[in-house]
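The values are calculated or read from the model by the stated rules, or taken from the named source; none is laboratory data. Source: prediction; values computed, not measured. With ideal geometry, Cβ positions are generated from the backbone for all residues, glycine too; neighbour counts draw on all protein chains shown. When the accessible area is computed, the model is the full protein with side chains, heavy atoms only, and any ligands, DNA or RNA have been set aside. Shrake-Rupley method; radii C 1.70, N 1.55, O 1.52, S 1.80 Å.
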Amino acid sequence: MPVSRRVYPFIFGLIFLVLPLIFAALNLYTDWLFFTETGFAVIFVKTLTAKLGTGMFFGAVFLVFAMANSIIANRVSLPQREFLAIEGIIHPLRTGNIERLIKPLTIIAGIVLAFFAGQWGALRWEDVLLFRNSLDMGTSDPILGKDIGFYLFRLPLIETFRGFASFTLIATVVLVGANYFLRGGIFLAEGMFSIDRKAKKHIGILAGLFIFIIGFGFYLDMFRLLFSAHGVVSGAGYTDINAKLFSYRILIFITPAAGILFIAGIVRGSVRLAVLPPAVVLAVYLLGIIAYPSFLQKFKVAPNELALETPFIEHSIKFTRMGYDLERIEVTPFDVDYNLTSKDIEKNEATIKNIRLWDHSPLLRTYSQLQQIRTYYKFADVDNDRYTINGEYMQVMLSPRELSYNDLPSRSWINERLIFTHGNGITMGPVSRISREGLPEFIIKDIPAVSFADLKVTRPEIYYGELSNDYVIVKTKVPEFSYPTSGENIYTTYDGSGGVRLDSLLKRVLFAAKFRTEKILLSTDINTESRILFNRNIAERVRKIAPFLLFDKDPYLVVTKDGKLNWIIDAYTSSNRMPYSKPLNRQINYIRNSAKVVVDAYNGSMSFYVSDPSDVLIRVYSKVFPDMFRPLSDMPDELRQHIRYPQMFLQVQASMFASYHMTDPKVFYNKENLWEVPVFGENPMDPYYTIMKLPGGNKEEYILLLPYVPAKRDNLAAWLAARCDGPNYGKLLAYTFPRDRLIYGPKQVDARINQDSYISQQLTLWDQRGSQVIRGSLLVIPIERSLLYVQPLYLAASDKVGLPELRRVIVAYENEVVMEENLEIALQRLFGAKKATGISPEKPAGDAGVSATGLSKEAMRTFEKALEMQRQGNWAGYGEEIKRLEQILKKMAK
């Protein structure tokens, strides 16, 4: 029995240590299989090597230093203590037992701390690789003369070493202090304190070394001044340069000297020599870093802020524009006139036909009800893109039909992992076309995919997507569900190269342990040809390969010419180490959309392409991982035609450009021309994609657009455009409106719409009839030198399952506001345009026209519906049907 009691703790301790190592090795091996499957094994090896090397270095340094000091402490002979006082209570001690216990415990504690130091160090692998592969940016900071590459790549690792040195010294002091205390070298009881002379020297030397570390910290604080944020300057201002910087330079020299004198005082036993030098350092710090800068700021800088801070405002403007890539924004005046004619509308037919009338939210609801097909399918998002369809360059809305595992009728393991393995197909439609019922038209719809154009989907299965679960197993004895038909279910078998083959018992055991299910090991449906597809969520998948990049929250699906589906995800490099650059949300102050990632929705293969080769960060990462990134020119042309400037990036740039378009320090200081993104509803407007002809351009192109208004005002100040097509990709243009004229902004146009008696009356009537009026986004569309404002209106039943129907389009131009059934009629009212726009919102894409017989039948149906409304006493509905009848009769008369 006594033997068993001794063995149990050992067994439990061994399990406690071994189990984490087993799971770590398990995850390491499955990660290796994942990286091998995706073709990035070299990245896995390099990253793992860097983590191991960095962790072992930090752990070894800590262990050597801590063990050396523990050994020194253990060799110090101390007076024997017969009792230990803890909180006033006297505890008798057996000196021999204490000595035998404390010495090994100190060493064990040092080893444990070294292990944690190694783990912490392993997390700094990226800093080490960036330091070793660092590049100069070619621009130096204006104060200390260091190249920006020093701040981006070298300073982080230097700060890591400083933090590690501080931790090592503090932890070592605690270790040896506990050793001396428990062995009698330090005595503390009843308010009395005494320390053995040898223990005092040892701890004093460690404290002196810590003072050296503090001095090195003052050296690093000089560089941190360039990241400080206060007052009108992002970065070091007048007070920082003329007070703090000078004081730090003094502290850099006197602090190490104070450390040497402190150690000398401890060794010699001189209290004055030990106390006075650190006191001088503290006094200089309090005076030079806290007191004098506050005095200087209050009595000299504040009364003369503009004059004294002007050079530092210039630095902040220059480096903030550099940090957010605002320097390449080309600013052009846009002198608005209101001379649009029907001929101008005809000339800009492609722009008119691509004005987006379907907003993401109502369209998502409509797609979900019309095209979800089964409850276990789900549309997670609607994406905006452009395609050449039947020879016509058009803007489309596209949504992938993914599998929603939470909505499966039976959530058994076989259903979730072996049978229901993938989503199926997409729904696509033009941005402006509507049916007679107010519903969207389709270019591609249904399961299996039906296409009404020359764009086909031949590989509709979506194994990797935004809603995919963690893993499925394919090529099993159980057929996979493909799609339902009216009579039966259609099944399929995976024919791709994605996933890891479960061709050995070891792999099945490992994945069973990884996903914590014995079914992978025991299932008889799995054979040696079966493949396990894991890390299927595309956001997690790309993050697993490149954790050092930031990824956009809105990946979008692209249909290639051969009918395959590929995801494109925008990736960003970022840093918080750009001197004088204003930080975004107190986090990053440097960002670039430097890469595009393509993920095959069927195979899960990934390709990383450099979209901004001028970015120094992506050049360093390409140097770290030379086989990972490829030039954008290597991207297949059919995919490169669909890259777009990301909305998130333009939002970030727009928020900064609102202030930093002012390059004159005086104008910037006075905020004379401060802009802001207009608020529509409760939130700032989002950038929106459109196809239009830029001022001075020869043809329409796909751009991302966002308007500006002056701060605290509602009229338009400018609009920012990002070009997305071909060789012009990434070019930014800012068109500024005259400041001496009123150009209506979105909020002002919205107010005019609300004040229109007819429109407000109709909206009130619709809201009272059990319907919900959904007002779409108000789009500002530049045409020639004029502006059109377009807002769609949707009607839906007031319950949650109401199907949004696009029933009206509001168009504003200059001082006129009209609301009509579609955009074509609204433009006819405004400009007297003939049937010249070429858009037919009430007929399917590709129809040549509507026959007179068809119009007469439609007129009769409308008249009968009007009579029915009259009998019901629904006069608002009666008036609406009579108005629709009038429009039909006008068409028949042409």
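Worth a mention:
- Shown are 230, 202, whose ranking by accessible area with a 1.4 Å probe and every protein chain present, most to least, is 230, 202.
- Annotation note: chymotrypsin sites (Phe, Trp or Tyr not before Pro) in region 232-300 located in DSSP loop regions with a Cβ neighbour count of at most 15 within 10 Å are absent.
- Per atom type, the chain shows carbon and sulfur on 58% of its accessible surface, probed at 1.4 Å.
- Accessible area in the full protein assembly, largest first, 1.4 Å probe, for 542, 42, 280, 232: 42, 280, 232, 542
- Think of region 170-281 as a dipole: +1 on every Lys or Arg Cβ, -1 on every Asp or Glu Cβ, centred on the Cα centre; then among 253, 275, 171, 275 lies furthest on the positive end.
- Listed residue pairs exceeding 32 Å between alpha carbons, taken from 378/623; 561/890; 445/596; 51/731: 378/623; 561/890; 51/731
- Acute angle (nearest 10 degrees) that the helix 360-371 long axis makes with the longest principal axis of the chain, alpha-carbon atoms: 70
- Were the residues from residue 814 through residue 528 laid out at 0.36 nm apart, the gain over their Cα-Cα distance would be 95.9 nm.
- Across the options 647, 348, 111, the greatest Cα extent toward the positive end of the charge dipole of the chain (unit charges at beta carbon of Lys, Arg, Asp, Glu) belongs to 111.
- In the context of the full set of protein chains, residues of the chain present 46 Å² of accessible surface per residue (probe radius 1.4 Å, heavy atoms only).
- Accessible area (Å², 1.4 Å probe, nearest 10) - residue 345: 0
- Equivalent ellipsoid semi-axes - Cα gyration tensor, region 635-765, angstrom: 28, 23, 13
- Protection-proxy order for peptides 700-707, 667-674, each taking the mean of Cβ atoms within 10 Å per residue, highest first: 700-707, 667-674
- Residue 344 contributes about 30 Å² of solvent-accessible surface, heavy atoms of the protein only, 1.4 Å probe.
- Acute angle (nearest 10 degrees) that the helix 647-660 long axis makes with the longest principal axis of the chain, alpha-carbon atoms: 80
- Under 13 Å, Cβ to Cβ, from residue 248 - net charge with Lys/Arg +1 and Asp/Glu -1: +1
- Per-residue ellipticity at 222 nm computed for the chain from its helices equals -14000 deg cm²/dmol, with DSSP H segments shorter than 4 residues left out and the rest contributing -39,500 (n - 2.57).
- Here's the list of lysines a cross-link from residue 200 could span, going by alpha-carbon distance under 22 Å and ignoring same-chain residues fewer than 8 apart: 103.
- Between helix 305-323 and the chain: long-axis angle, C-alpha atoms, 0 to 90°, nearest 10: 70
- Over region 173-226, volume per residue of the alpha carbon convex hull, in Å³: 92
- When every Cα-Cα distance of region 726-805 is counted in 5 angstrom steps from zero, the calculated P(r) takes the values 3, 11, 16, 18, 15, 12, 8, 8, 7, 2, 0 percent.
- The GluC sites (Glu not before Pro) of region 424-462 that meet both conditions, a loop assignment by DSSP and at most 11 other Cβ atoms within 10 Å of the site Cβ, are 437.
- Sites residue 275 and residue 24 - FRET efficiency at Förster radius 35 Å, r taken between beta-carbons, to 0.05: 0.15
- Modelled this way, with points 7 Å down the Cα-to-C-beta line, the labels at residue 310 and residue 407 are 6.4 nm from one another.
- Each listed q (0.15, 0.20, 0.25 Å⁻¹) maps to a log10 I(q)/I(0) for region 218-285, found by the Debye formula over equal Cα scatterers with no solvent: -0.56, -0.76, -0.97.
- Qualifying lysines (Cα of each under 19 Å from Cα of residue 747; at least 8 residues distant if same chain): 712
- Accessible area (Å², 1.4 Å probe, nearest 10) - residue 407: 70
- Nearest-20 debye value, the chain charge dipole, Cβ charges on Lys, Arg, Asp, Glu: 3060
- Ranking 313, 357, 339 by how far each Cα lies toward the positive end of the dipole of region 309-436 (charges on Cβ) leaves 357 at the top.
- Cα Rg, Dmax, region 677-751, angstrom units: 13.4, 40
- Bins of 10 Å, starting at 0 and running to the largest distance - Cα pair percent for region 492-551: 19, 42, 30, 9, 0
- Projected-area average for region 228-371 over all orientations - Cα convex hull basis, square nanometres: 20.5
- Centroid-to-centroid separation of region 385-422 and region 597-649 [C-alpha atoms, Å]: 24
- When its C-alpha radius of gyration is set against 2.2 N^0.38 Å (N residues), region 510-584 gives a value of 1.71.
- Each of 816, 416 has its accessible area taken with a 1.4 Å probe; listed largest first, they run 816, 416.
- Amide proton proximity set for residue 708, modelled H, under 5 Å, gap of 5+: 717, 718, 719, 720
- With R₀ fixed at 35 Å, the C-beta to C-beta distance from residue 493 to residue 36 puts the FRET efficiency at about 0.90.
- Cα extents for region 364-423 along the principal axes, largest to smallest and rounded to whole angstrom: 47, 22, 15.
- Remark: region 383-524 is approximated by an ellipsoid whose semi-axes, taken from the C-alpha gyration tensor as √(5λ), come to 36, 16, 14 Å, largest first.
- Counting Cα-Cα pairs of region 773-824 in 10 Å increments starting at 0 gives whole-percent bin shares of 24, 46, 22, 7, 1.
- Reference-scaled alpha-carbon Rg (2.2 N^0.38 Å with N residues) for the chain: 1.21
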